[in-house]
Amino acid sequence: MLLPAEIESKTLIPALRAILAKKLAEDHKVREDEISKMLGVTQAAISNYIRGTRGDPKLIEKLVSDKQVSEMINELSDRLSSDMAYTPSSLAKFISLCNYIKSSLLICEIHHKLESNIDEAICKECENMLLKGPGSVY
């Protein structure tokens, strides 16, 4: 059984980085080496994100099709391409984006695609925890 944090680190964050890398390169004309510094990965990883060889394409499509996620990504890419790239508020925006994906239960859809045989009782417990928000305890 995968924990929400594992799903976030293994699939969600790479997909969000892929979306942001492509948006920064294409829409804002930011160089790959600059994007790599902004997103905390290597320039080679950014190149792979932009070419579409890194990051789950179906997940990326799912994320950009969600109106709220798309708006948050647009706002974050605008901030990153400006002089707000290395500020605590930009980091907070990225964290808010991840938290939205968890609290809206979009992460549950991702989890079900990764593991098809999840025990429904465990799924409901996890869902309840996600709805309570970050820092909640049993």
Filter the range 27-42 down to the residues that are open to solvent by less than 50 Å² (accessible area, probe 1.4 Å) and not in a helix (DSSP H, G or I), then identify the one that is farthest from Ser104 (Cα to Cα).
Val30
Only one of Ala45, Ala92, Ala121 is of a type outside the set (Lys, Arg) and surrounded by 14 or more Cβ atoms within 10 Å (Cβ to Cβ); which?
Ala45
When both residues are 6+ apart or on different chains and their Cβ atoms are under 8 Å apart, which pairs have a first residue that lies in the range 46-65 and is on the phi > 0 side of the Ramachandran plot, and a second that is aliphatic (A, V, I, L, M)?
Gly52/Ala18; Gly55/Ala15; Gly55/Ala18; Gly55/Ile19
From Glu75, Glu61, Glu6, grab the single residue that is under 13 Å from the mean Cα position of the chain (by Cα), charged (D, E, K, R) and open to solvent by 70 Å² or more (accessible area, probe 1.4 Å).
Glu61
Looking at (1) in a helix (DSSP H, G or I); (2) surrounded by 15 or more Cβ atoms within 10 Å (Cβ to Cβ), which one does Gly55 not meet, given that it meets all the others?
(1)
Test for Leu24: is it closer than 30 Å to Asn117 by Cβ, open to solvent by less than 30 Å² (accessible area, probe 1.4 Å), without any contact (Cβ under 8 Å) to a residue 60 or more places away in the chain and in a helix (DSSP H, G or I):
no
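The values are calculated or read from the model by the stated rules, or taken from the named source; none is laboratory data. Please read these numbers as outputs of a predicted model, since none were measured by experiment. For neighbour counting, all protein chains shown are included, and Cβ atoms are generated from backbone atoms with ideal geometry for every residue, glycine included. Side chains are part of the model used for accessible areas, which takes the heavy atoms of the whole protein and leaves out ligands, DNA and RNA. Shrake-Rupley method; radii C 1.70, N 1.55, O 1.52, S 1.80 Å.
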